[in-house]
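What follows is one structure encoded as structure tokens, with my remarks underneath.
The values are calculated or read from the model by the stated rules, or taken from the named source; none is laboratory data. Quick caveat: nothing in here was measured; it's all calculated off a predicted structure. As a convention, Cβ positions derive from the backbone with ideal geometry for all residues, glycine included, and neighbour counts pool all protein chains shown. Ligands, DNA and RNA are excluded from the accessible area calculation, which covers all protein heavy atoms including side chains. Shrake-Rupley method; radii C 1.70, N 1.55, O 1.52, S 1.80 Å.
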Amino acid sequence: MGTDDVLGKGAYAIVYRCFRKSDGKELAVKICDRTKLSGEDEEALQDEISILKGLDHSNIVRLFDVFEEMDKYYLVMEFCNGGELFDRIVLKKKYNEKEARDLIRILLEAIKYIHDNNVVHRDLKPENLLLTADKRIKIADFGLAVEFNTDEDLIFGTAGSPDYIAPEILKELDYGGAVDWWSFGVLLYEMLSGQPPFEADNEDELFESIICDEVLYPAWMTNDAVSICDKFL
């Protein structure tokens, strides 16, 4: 593995593209440095592994195996060679409704499957939605995901990326799967409009806008597009 094979880096992990010796199949291997893990980090990683082992859906990145050494964890995962949805949005500027329709349907089904398995992702964003070579989409990075027991078992705690974080998290309220639907609504708005629904000069102003401001829509968005975005935002 060399620098050209690095797919991503985090505080304690690096994801590499690798090839299986038996058949040359491309894989993604997440290597976690155990020496950099706090107790909380270790618990979150074990939760991520447990969650991924329990999910089996064609539009969720699959975890094939986990290996441990004294100072390393190795998570062997499905490789998606079509890049991130984020890059696709930047390239396209915006999707028309016909182009967005199939991706939207697939994501709706995948998110519902996650929730039906008592998991909340908590970090849905274009960077965590990966594309295959034939432009199928897969949800990745369950590092902030949590499990819950029933529809009444609410979650508390701050998690998520600033542009996609739900108002109830910012208000420090208990929450459930609805926070994923909010993030999906932000993503949908970006796909259809080519711009984020909330913008500000700094994070504090952004969070204030998410909590307080009305969502405004570009004039070119159809009534149907506005209606479906409104259902999630």
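Taking the range 91-127 as the range and being under 28 Å from T158 (Cβ atoms), over 16 Å from the mean Cα position of the chain (by Cα) and open to solvent by 80 Å² or more (accessible area, probe 1.4 Å) as the test, only D116 passes.
So, of the residues in the range 209-232 that are in a loop (DSSP other than H, G, I, E, B) and open to solvent by less than 40 Å² (accessible area, probe 1.4 Å), which turns out to be nearest to E168 (Cα to Cα)?
If we filter the range 209-232 for residues that are in a loop (DSSP other than H, G, I, E, B), which is where we start, we get 213-222.
Adding the requirement that they be open to solvent by less than 40 Å² (accessible area, probe 1.4 Å) leaves 215, 218, 221.
Working: V215: 16, P218: 26, M221: 27 Å.
Within the range 209-232, the match that is nearest to E168 (Cα to Cα) is V215.
Determine if the range 19-32 includes at least one residue that is out of contact with any Leu (no Cβ under 6 Å at 6 or more places or on another chain), outside any strand (DSSP E or B), within 16 Å of K72 (Cα to Cα) and not hydroxyl-bearing (S, T, Y). No, the conditions are met nowhere in the range 19-32. In the set (1) surrounded by 13 or more Cβ atoms within 10 Å (Cβ to Cβ); (2) touching a Ser or Thr at 6+ places or on another chain (Cβ under 9 Å), the condition left unmet by F86 is number (2).
Whenever a residue of the range 203-224 is under 14 Å from Y189 (Cα atoms) and β-branched (V, I, T), its partners that are modelled with pLDDT of 90 or more and open to solvent by 60 Å² or more (accessible area, probe 1.4 Å), lying with C-beta atoms within less than 9 angstrom and at least six residues away or across chains, give the pairs I210/D163; V215/D230. Taking residues in the range 95-111 that are closer than 14 Å to L130 by Cα, and partners anywhere that are modelled with pLDDT under 85 and open to solvent by 80 Å² or more (accessible area, probe 1.4 Å), the pairs with Cβ atoms closer than 9 Å and at least 6 places apart or on different chains are L103/K135; I106/R136.
Tell me which strands (runs of 3 or more DSSP E) are completely within the range 56-171 and hold 1 or more residues being among the hydroxyl-bearing types (S, T, Y) and out of contact with any His (no Cβ under 9 Å at 6 or more places or on another chain), or say none if there are none. If you could, list the steps in order and put the result at the bottom.
Details: elements: 63-68, 72-78, 129-131, 137-139.
Result: 72-78.
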